[in-house]
Amino acid sequence: MANYPTKRLRRLRYNPLVRDLVRETELSKNDLIYPLFVVPGTKVKNEVKSMPGVFQFSIDTLVEECKEVAALGIPGIILFGIPEHKDEQGSEAYDPNGIIQRAIRAIKAEINNLLVITDVCLCEYTSHGHCGLLNGEEILNDETVSLLAKEAISHAEAGADIIAPSDMMDGRIAAIRKALDYKGFTKIPIISYAAKFASGYYGPFREAADSTPAFGDRRSHQMDSANANEALREVETDIEEGADIVMVKPAGPYLDIIRQVKDKFGMPTCAYQVSGEYAMIKAAGINGWIDEERVMIESLVAIKRAGADMFLTYFAKDAARYLDKTKK
Ligand code: PBG
Ligand code: ZN
């Protein structure tokens, strides 16, 4: 084996054209899914304090935003709804006239080149902010799964293209697949939030989606951040139950999990660069402590290099503009 001075790894770094030639990981607009928050009312565009550049939209302004997203060449959005009324059962989650169902119909009436993905969970809709039905302080699994299946069907009936359950109940992928198929939605894919960790990085999202639990936390259903083998068992289970795409969440702090999931299963793999990851980069950028654009791209390249085929990111619009600017 050749060694220095015959071998010089810097030869492929001296010139930008050479660097472009040998680059192993390239971002593409096709990788991007943009999360959007929809709230009741009209003409609403509220900036989320802990997520500068991210807004809550009413349905009318949401449709305009979606036009801009589609025009940027971003292939898909994922919708989160903040309902008019919350109750113990999270009824608006599966109401045919709920906020998400109306939002999907409004988008689909005007835009035909954008995948509408919906997040399926109850925490935005329950008065207690938990992801499922409660018995005292316990989150019930099987009773919750039935409601999630109802929620998924109501999204599909409204016109959703892909269903993304984020609840982490056991057996929900099988139940949702069965329910969708029974209703004739055999072609609708499921992106499963398969390895979703109980994470402090979700803090800003809970402000954006008004879904902070009234007591306790989500550790009885979301995963312990220390566990990698268990993450693989979660992913394997969801694949067996019928998930078409599997997701790891958060992304940046869990690159090892993304790599293991990709290597072990070879499935289309998605990663969610969550609200806290976004907020930290934004905050440091706004303070002038880091170069925001550079760190944004570096963070997304890292997620892709780890094995993700696509990612949910609040930077999707910025990343698309960057890709336009650099003509990638
Ligand atoms: C709902 C849900 C959450 C996120 C996506 N879907 C919050 C949570 O589990 O508490 C977090 C996304 C983010 O932080 O950007 N279950
Ligand atoms: Zn939830």
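Any read-out appearing in this document is the output of simple, stated calculations on the displayed coordinates, not a laboratory observation. All values derive from a computational prediction rather than experimental measurement. Positions of Cβ are backbone-derived with ideal geometry, glycine not excepted, and every protein chain shown enters the neighbour counts.
If the condition is being aliphatic (A, V, I, L, M) and closer than 15 Å to ALA152 by Cα, then region 79-128 contributes LEU79, ALA93, ILE99, ILE100, ALA103, ILE104, VAL116, ILE117, VAL120, LEU122. Can we say TYR193 is of a type in the set (Phe, Trp, Tyr), farther than 17 Å from ALA316 by Cβ and buried (at least 24 other Cβ atoms within 10 Å of the Cβ)? Taking the combined requirement at face value, the residue satisfies it. Only residues that are away from ligand 2 (no atom under 16 Å from the Cβ) and crowded, with 20+ Cβ neighbours inside 10 Å: list them for region 206-237, please. If the condition is that a residue be away from ligand 2 (no atom under 16 Å from the Cβ) and crowded, with 20+ Cβ neighbours inside 10 Å, then ALA231, VAL235 are the ones that fit. Within region 172-222, being small (Gly, Ala, Ser), part of a helix (DSSP H, G or I) and near ligand 1 (Cβ under 9 Å from one of its atoms) holds for GLY203, ALA208. Evaluation of ASP238 against the conditions (1) touching a residue at least 60 places away in the same chain (Cβ under 8 Å); (2) on the phi > 0 side of the Ramachandran plot shows that the sole unmet condition is (2).
Of the candidates GLU157, GLU151, the single residue that is touching a residue at least 40 places away in the same chain (Cβ under 8 Å), out of contact with any helix residue (DSSP H, G or I) (no Cβ under 7 Å at 6 or more places or on another chain) and either surrounded by fewer than 22 Cβ atoms within 10 Å (Cβ to Cβ) or not in a loop (DSSP other than H, G, I, E, B) (or both) is GLU157. Restricting attention to region 82-129, the residues that are touching an Asp or Glu at 6+ places or on another chain (Cβ under 9 Å), assigned to a loop (DSSP other than H, G, I, E, B) and not hydrophobic (A, V, I, L, M, F, W, C) add up to 12. Of the strands (runs of 3 or more DSSP E) lying entirely inside region 243-325, those containing at least 3 residues that are of a type in the set (A, V, I, L, M, F, W, C) span 245-249, 310-313. Only a single criterion out of (1) in contact with a Lys or Arg (Cβ under 9 Å, 6 or more places away or on another chain); (2) more than 30 Å from HIS85 (Cβ to Cβ); (3) hydrophobic (A, V, I, L, M, F, W, C) is not satisfied by MET247, namely (2).
Within region 127-158, restricting attention to residues that are in contact with a Pro (Cβ under 9 Å, 6 or more places away or on another chain) and not charged (D, E, K, R), the residue that is nearest to ligand 1 (Cβ to nearest atom) is CYS131.
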